[in-house]
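Report on the following structure.
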């Protein structure tokens, strides 16, 4: 199977198709500063073209929804749905649905800095606060995996004490509320649509690729495309086909819209 076969199969089912995509690493190259992330040129035009076919276009991201909309200029794509924080939040037509911040996250916000301030912690680690989750970043470190190892045990202990989950990603550890992942968000957005496409690049996308396989086993036309430029193990095997980078992923979207 190749990308052309996927495009052909899904195009025949337009507009009854969900096109769901991750943001960072999939549409936007990974960068050290999350606030500097931007989609590759042509992304918004491709999403608009897909929306014009009647397909449902969605972003499923670990970002909070508002930040993804702002960085990606996604509010210019008619009808797009942004499922933020792995589905905890939903942005659509300018309105954001998001829960109040639970007390456990407030407690985490107090405790996590002390973990990074410990004498044995790598000084290049830093915390990104998404309001409903916190992320320990190691992308500034010379050896990100080794830097995370200096606090990994403590992070898992704090998460267990607070009833939170730790999810690894490319050079990060994210602490977030339990019960949310991209598989659940994808299932809700797919509904009973005849076709489903998911495109992703990171460990957090693996559950979504598993959901694609489940939908296909149930008789749906469902495919996953992996983006390899983030260098995450398991993506090529989890997806049906893979592309090199975000620019190549956008080419798949253009072909489907055309």
(request) Could you list, in sequence order, all residues of region 4-59 that are on the phi > 0 side of the Ramachandran plot and buried (at least 18 other Cβ atoms within 10 Å of the Cβ)? (result) 25
(request) Considering each residue of region 126-159, count those that are without any contact (Cβ under 8 Å) to a residue 12 or more places away in the chain and either closer than 16 Å to residue 35 by Cβ or outside any loop (DSSP other than H, G, I, E, B) (or both), and give that number. (result) 4
(request) Go through the residues of region 143-150 one by one and say whether even a single one is touching a helix residue (DSSP H, G or I) at 6+ places or on another chain (Cβ under 8 Å), modelled with pLDDT of 95 or more and either surrounded by 14 or more Cβ atoms within 10 Å (Cβ to Cβ) or not assigned by TED's automatic domain parsing to the domain that holds residue 23 (or both). (result) no
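The values are calculated or read from the model by the stated rules, or taken from the named source; none is laboratory data. Because the structure is a prediction, the values reported are computed rather than measured. Ideal geometry is used to build each Cβ from the backbone, glycine not excepted, and the neighbour counts take in all protein chains shown.
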